[in-house]
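One structure is given below, encoded as structure tokens.
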Amino acid sequence: MITLLDYGAGNVRSVINAVEILGERVKIVEGIEDILSAEKLIFPGVGNFISMIRILRDKNYFGPIKEFLNSGRPFLGICLGLQVLFEESEEAPGARGLGIFRGKVKRFDIDLSVPHIGWNGINIKKPSRLFSGLSGLEKLYFVHSYHVVPEDRHVVLTTTDYGIEFVSSVQQGNVIATQFHPEKSGKTGIQLLKNFIETDLPKSIPPNISSKTHLAKRIIACLDVRTNDQGDLVVTKGDRYDVRENGNVRNLGKPVELAGKYYQDGADEIAFLNITGFRDFPLEDMPMLEVLKQTSLNVFVPLTIGGGIRDYTDKNGKYYSSLDVVSEYFRSGADKISIGSDAVLIVEDYLKTGKITGQSSIERISQVYGNQAVVISIDPKRVYVKSPAAVRQHIIETEFPGPGGETYCWYQCTIKGGREGREVDAVTLAKVCEKLGAGEILLNCIDRDGTNMGFDLELINAVKSAVSIPVIASSGAGCEAHFYEVFARTQAESALAAGIFHRKELSVKAVKDYLKGKVEVRN
Ligand code: 1PR
């Protein structure tokens with residue numbers, strides 16, 4: 001029996017599913033007694049350090065967790081569940097961690113995008129049962145802006161390189177804690193969890209020991225989901241956002257089935273976009289929650305969900321905050337949420353007033369669940385102009401002149417699935433969203449969507465150079481070479497595609513096979 005400490009933030013469903021797939025039963029902590037009597041305790045922390053500390057203190061869990069940690073029984077901390085073991089964190093000045101290990105948690109101070117999101121390797125520093133069956137070359141999934149700095153180097157189990165060499169896991173006796181997420185690290189992660197559970201495994205060192213690790217470029221499969229005219233929930237695909245063919249919504253398969261297939265095929269992440277979410281209220285749209293629940297049973301890579309995330313008042317006058325909406329999504333198995341239309345409206349308000357209110361969905365969700373959980377999905381289209389002085393939006397000079405020979409353009413943000421163009425441009429939108437707390441940009445492009453013409457590199461370079469958070473390049477992938485091109489000619493951390501995968505023109509595996517040796521990818 002594994003006891004799981006769920007303090008109510010983020011996705012613990014994946015940890016439960018991963019442990020259960022190994023044939024173990026999971027008991028969720030409901031009170032102090034459950035911590036004190038646990039045989040093996042897993043603490044998967046997600047979100048913001050200060051929210052976690054507050055909840056743990058309110059529930060009076062600090063003492064019991066310390067008692068458990070000092071008892072010598074097996075403990076696995078994940079992400080914030082690692083950071084809480086230290087004395088303090090720069091994320092929450094003044095707040096005290098458990099202090100089991102001496103040292104601090106520091107924010108990355110590097111020239112690369114922060115958060116550090118994606119699949120990176122581990123440099124193994126000492127033997128552990130955790131490494132049983134590993135080759136040493138595996139990549140694991142990370143998503144964090146802060147890293148631990150232990151005073152006692154003997155506790156360091158692995159390090160990872162990202163701008164600096166940081167500590168990615170620690171072990172002292174039976175207390176093990178990782179910055180990476182085993183439950184999101186595919187088959188390798190499941191193996192690590194198995195090794196944690198099997199406490200009598202001998203300590204080992206894998207056959208390969210790397211001296212420097214590299215973050216992989218991510219390949220993301222995207223599933224645009226909606227209900228078709230027959231009432232079935234289907235994966236569909238637009239052609240410049242038009243998902244109808246001969247009047248009918250294109251039906252390219254079932255969401256859970258396709259997500260499972262792409263996972264098996266090597267997708268580094270799966271994104272579900274509920275493309276009619278702006279019309280409906282997500283909490284009334286239970287099928288999407290069910291899709292997440294079902295998918296997370298067998299898919300152990302990060303899941304992003306978007307569509308309709310905003311504050312909402314229903315027909316009976318009952319108010320739901322965007323936090324209510326996303327907490328359901330996280331509970332159902334999502335790791336990140338993506339905000340589209342609402343982000344445009346939030347940025348418009350900010351540009352009008354210049355005020356940061358702390359009340360927008362971007363701010364509130366990132367405060368509770370952490371910046372890394374908030375993705376902004378931008379749906380821009382090109383607007384050509386004759387001269388850079390013609391408009392006040394962010395203008396770029398383009399290699400692809402417009403219909404009237406215009407050599408300048410800007411990227412107009414849209415809402416409601418591209419149906420309504422707004423005044424704000426994509427570069428400004430990305431910058432303001434980063435300021436408000438977004439952790440990643442999903443950069444679509446209506447002009448390229450479904451065209452197989454390749455990614456819009458000018459758009460990606462313009463946005464990427466304006467922000468310091470990771471950017472997912474999206475729209476237009478038509479062959480393997482387009483993925484190489486986007487990584488070679490832009491700084492995008494990941495590339496997302498939909499149509500080529502759904503139409504079976506190319507598999508995720510074929511993309512990765514093509515990139516191997518040219519671009520760092522996860523095997
Ligand atoms: O505005 O917060 O409710 O979120 C709605 C979400 O649904 C947004 O993320 C928006 O991008 C998405 N969406 C809305 N309408 C459509 C549509 O297609 N009619 N899909 C839509 C956006 C873009 C990508 C697509 C890539 C790659 N689709 O999801 O997967 O363009 O496609 P490709 O590889 O085939 O070129 P809100």
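A few notes on this one:
- Solvent-accessible surface ranking, highest first, for 164, 378 at 1.4 angstrom: 164, 378
- Within the straight-line cut-off of under 13 Å between alpha carbons, the aspartates and glutamates reachable from residue 381 are 420, 423, 425, 447, 449, 456, 458, sequence neighbours fewer than 8 places apart in one chain being disregarded.
- Solvent exposure, largest accessible area first (probe 1.4 Å, DNA, RNA and ligands not counted), of 479, 222: 479, 222
- Where segment 367-459 is the region considered: accessible area per residue in Å², 1.4 Å probe: 39
- Annotation: aspartates and glutamates with alpha-carbon distance below 18 angstrom to residue 66 (same-chain offsets under eight excluded): 6, 30, 33, 34, 39, 58, 87, 88.
- Calculated from backbone phi, Karplus (6.51, -1.76, 1.60) coupling profile of segment 334-347 in Hz, x at Gly/Pro: 7, 9, 9, 10, 10, 10, x, 4, 4, 4, 5, 5, 5, 5
- The figure for residue 319 is an accessible area of roughly 120 square angstrom, using a 1.4 Å probe on the protein chains alone.
- With the simple model of a label 7 Å out from the Cα in the direction of the Cβ, residue 90 to residue 391 spans 3.8 nm.
- Label point of residue 261 set 7 angstrom out along Cα-Cβ; within segment 410-450, amide nitrogens under 20 Å from it belong to 450.
- If you bin all the Cα-Cα distances of segment 260-360 at 5 Å, starting from zero, the percentages per bin are 2, 12, 21, 21, 16, 13, 7, 4, 2, 0.
- Length added when fully stretched, residue 174-residue 149, from 0.36 nm per residue minus Cα-Cα: 7.0 nm
- Each principal axis of segment 71-168 carries a Cα extent, and these read 41, 40, 19 Å when sorted largest first.
- In plain terms, the chain from residue 198 to residue 481 could stretch by 97.5 nm, reckoned as 0.36 nm per residue minus the Cα-Cα distance.
- Backbone amide hydrogens, once placed in the peptide plane, bring residue 309 within less than 5 Å of 340, excluding anything fewer than 5 places away on its chain.
- Rounded, prolate or oblate (a/c below 1.5 giving rounded, otherwise prolate when a/b exceeds b/c) for segment 319-440 by Cα gyration tensor: prolate
- Placing a label point 7 Å from the Cα of residue 164 along the Cα-to-Cβ direction, no residue of segment 33-54 has its backbone N under 15 Å from that point.
- Compactness relative to 2.2 N^0.38 Å, alpha carbon Rg of segment 186-270: 1.70
- Fraction of antiparallel bridges per DSSP, segment 356-515 only, in percent to nearest 5: 50
- Sulfur and carbon atoms: percent of accessible area, the chain [1.4 Å]: 47
- Karplus-derived HN-Hα couplings along segment 431-439 (A = 6.51, B = -1.76, C = 1.60, θ = phi - 60°), whole Hz, x at Gly and Pro: 5, 5, 4, 4, 4, 7, x, 5, x
- Rolling a 1.4 Å probe across all protein chains gives residue 125 an accessible area of roughly 110 Å².
- Paramagnetic reach from residue 60 in segment 85-105 [backbone N under 13 Å; point 7 Å along Cα→Cβ]: none
- DSSP beta bridge pairing in the chain, given as percent antiparallel to the nearest 5: 50
- Sequence-distant lysines (8 or more away, or on other chains) whose Cα lies within less than 22 Å of residue 336: 139, 184, 187, 217, 237, 254, 261, 293, 416, 431, 435, 464
- Projected label points at residue 452 and residue 406, each 7 Å from Cα along the beta carbon direction, are separated by 2.9 nanometres.
- Taking the DSSP beta bridges with both ends in segment 192-340, the antiparallel portion is around 40 percent.
- Ellipsoid equivalent to segment 1-149 - semi-axes via the Cα gyration tensor, in Å: 24, 21, 15
- Estimated Rh, segment 441-523: Kirkwood, alpha-carbon pairs, angstrom: 12.7
- Built amide H within the under 5 Å cut-off of residue 157, gap 5+: 169, 170, 171
- P(r) histogram, all alpha-carbon pairs of the chain included - 20 Å bins from 0, percent: 23, 57, 20, 1
- C-alpha center-to-center spacing [segment 270-337, segment 10-84] in angstrom: 25
- Ligands, DNA and RNA excluded, the heavy atoms of residue 320 present near 50 Å² of accessible surface to a 1.4 Å solvent probe.
- Accessible surface for segment 59-115, divided over its residues, is 42 Å² per residue with a 1.4 Å probe.
- Size of segment 368-523 as Cα extents on the principal axes (Å, biggest first): 47, 45, 28
- A simple rule links phi to the HN-Hα coupling: the Karplus curve 6.51 cos²θ - 1.76 cosθ + 1.60 with θ = phi - 60°, which for segment 147-157 gives 9, 7, 10, x, 6, 8, 5, 5, 7, 5, 9 Hz, with x for Gly and Pro.
- Note on exposure: 394, 154 ranked by accessible area (1.4 Å probe, complete protein assembly) read 154, 394, with the most exposed listed first.
- Counting 0.36 nm for each residue step from residue 315 to residue 67 and taking away their Cα separation leaves a gain of 84.3 nm.
- Cα gyration tensor shape for segment 141-236, rounded if a/c is under 1.5, else prolate or oblate: prolate
- When only alpha carbons of segment 209-319 are considered, Rg and Dmax amount to 16.5, 61 Å.
The values are calculated or read from the model by the stated rules, or taken from the named source; none is laboratory data. Please read all numbers here as calculations on a predicted model, not as lab measurements. Note that each Cβ is placed from the backbone with ideal geometry, even for glycine, and that neighbours are counted across all protein chains shown. All accessible areas refer to the heavy atoms of the entire protein, side chains included, with ligands and DNA or RNA removed. Shrake-Rupley method; radii C 1.70, N 1.55, O 1.52, S 1.80 Å.
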